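Below you'll find the structure, written out as structure tokens, and then a few comments.
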Amino acid sequence: ETFEMLIRLAENYTSTLFCNAYRNMAAEATTHVQEFFTDVGLFVFGADISTEESVNRFFDTLFPVVFNHVINPGLTDISLEYAECLQMVRRDIRPFGNIPKKAIGQMGRTLLPSRTFLQALNLGIEVINTTDHLHFSKDCSRALLRMQYCPHCQGLTLSKPCMGYCLNVIRGCLANVAEVDLHWRGYIQSLEDLSSAMSGTYDIEHMLLNFHSLVNDALVQARINGPELSEQVNKVCGPPVRKPTQSPGCSFDQNKDNQGLKMFSRDSEETLTNRRKEFISHLRLYRAFYGGLADQLCGNELAAADGLPCWNGEDVVRRY
């Protein structure tokens with residue numbers, strides 16, 4: 001949910017940039033912004049998508065809009081065929097300079113660790129769900145029966161098994177689960193390492209919430225190089241071919257968006273970094289969960305406390 005909120009906020013932030021600074025092309029641009037952040041979400045949540053291709057497609061589709069409204073503005077919009085030509089030549093004439101390449105590098109660095117982190121969480125859920133339903137062997141069932149119910153046959157309904165006896169039986173029953181312990185510890189350690197590495201240049205939060213700055217830099221560069229770009233475009237696509245329609249204005253709900261952004265920046269506890277650190281610190285408490293399961297079960301509810309009379313499998317004794 002935190003990842004989803006972050007992606008949504010980054011999308012809103014980028015759309016707000018167009019509404020505030022490039023209002024005349026905001027309606028068209030926000031469509032491409034939405035498509036781009038849909039791709040970001042799909043990649044982070046595991047879809048087989050190329051981040052490089054997503055970034056390139058975003059700037060490809062953005063170029064005709066920028067050309068139409070910033071580089072070579074007219075009273076009406078360019079034709080669909082002309083827009084397609086602009087998309088095709090964008091990577092060759094590089095109207096946005098090195099910004100797309102910079103964006104590709106940032107996306108690759110930050111999205112992959114986050115995607116891996118979420119996949120790792122799903123793996124953890126799978127392990128927990130798999131070990132949640134155990135089928136005990138006949139030997140285990142007999143040992144449990146003897147430990148918990150045989151004293152009842154002697155009228156000893158209140159007696160509990162001795163701690164050592166309980167541990168022997170439960171450890172035997174959970175031998176298969178105990179084998180998970182080493183791997184589970186390694187899994188949690190790997191999650192800790194991955195979480196720690198998701199900072200600095202690998203911080204998805206910082207990258208996404210500042211993506212609008214990269215887009216703004218790209219637009220500024222296109223505007224500065226406008227005359228030169230027009231000349232290059234004319235050589236390949238010819239002079240602009242226009243259609244008798246005009247782009248609608250900004251339809252984006254800025255007030256709702258700005259409120260969301262302020263809320264996000266104010267509530268620092270809800271940041272992805274803090275949520276991740278909190279989660280990892282909780283997970284550390286369960287590092288020895290599978291190895292210490294027998295001790296937990298016997299210590300919490302099954303066995304008698306030290307010093308009290310207890311059932312040893314045959315009789316009630318003072319000491320096991």
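Within the stretch 273-309, no residue satisfies the criterion of being of a type in the set (Ser, Thr, Tyr), open to solvent by 40 Å² or more (accessible area, probe 1.4 Å), in contact (Cβ under 8 Å) with a residue 60 or more places away in the chain and assigned to a helix (DSSP H, G or I).
The residues in the stretch 159-189 that are over 30 Å from PRO309 (Cβ atoms) and open to solvent by 70 Å² or more (accessible area, probe 1.4 Å) can be counted, and the count is 6. The helices (runs of 4 or more DSSP H) found entirely in the stretch 6-102 that carry 2 or more residues being within 19 Å of the chain's Cα centre (by Cα) are 26-44, 51-66.
Rundown of residues vs (1) touching a helix residue (DSSP H, G or I) at 6+ places or on another chain (Cβ under 6 Å); (2) open to solvent by less than 40 Å² (accessible area, probe 1.4 Å); (3) free of Cβ contacts under 8 Å to residues at least 24 places away in the same chain; (4) among the acidic types (Asp, Glu), yes/no style:
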| residue | (1), (2), (3), (4) |
| --- | --- |
| TYR13 | yes, no, no, no |
| LEU17 | yes, yes, no, no |
| THR31 | no, no, yes, no |
| GLU52 | yes, no, no, yes |
| HIS69 | yes, yes, no, no |
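Tally up the residues in the stretch 183-221 that are out of contact with any Pro (no Cβ under 8 Å at 6 or more places or on another chain) and under 30 Å from ILE128 (Cβ atoms), please.
Result for the stretch 183-221: 17.
In the stretch 103-139, which residue that is in a helix (DSSP H, G or I) and small (Gly, Ala, Ser) is surrounded by the fewest Cβ atoms within 10 Å (Cβ to Cβ)?
Only one residue tops the list, namely GLY108.
Scanning the stretch 189-238 for residues that are of a type in the set (D, E, K, R) and outside any loop (DSSP other than H, G, I, E, B) yields GLU192, ASP193, GLU205, ASP217, ARG223, GLU228, GLU231, LYS235.
The values are calculated or read from the model by the stated rules, or taken from the named source; none is laboratory data. Predicted model only: the values in this text are computed from it and were never measured. When we count neighbours, we look across all protein chains shown, and the Cβ atoms used for this are built from the backbone with ideal geometry, even at glycine. What goes into the accessible areas is simple: the full protein's heavy atoms, side chains included, and nothing from ligands, DNA or RNA. Shrake-Rupley method; radii C 1.70, N 1.55, O 1.52, S 1.80 Å.
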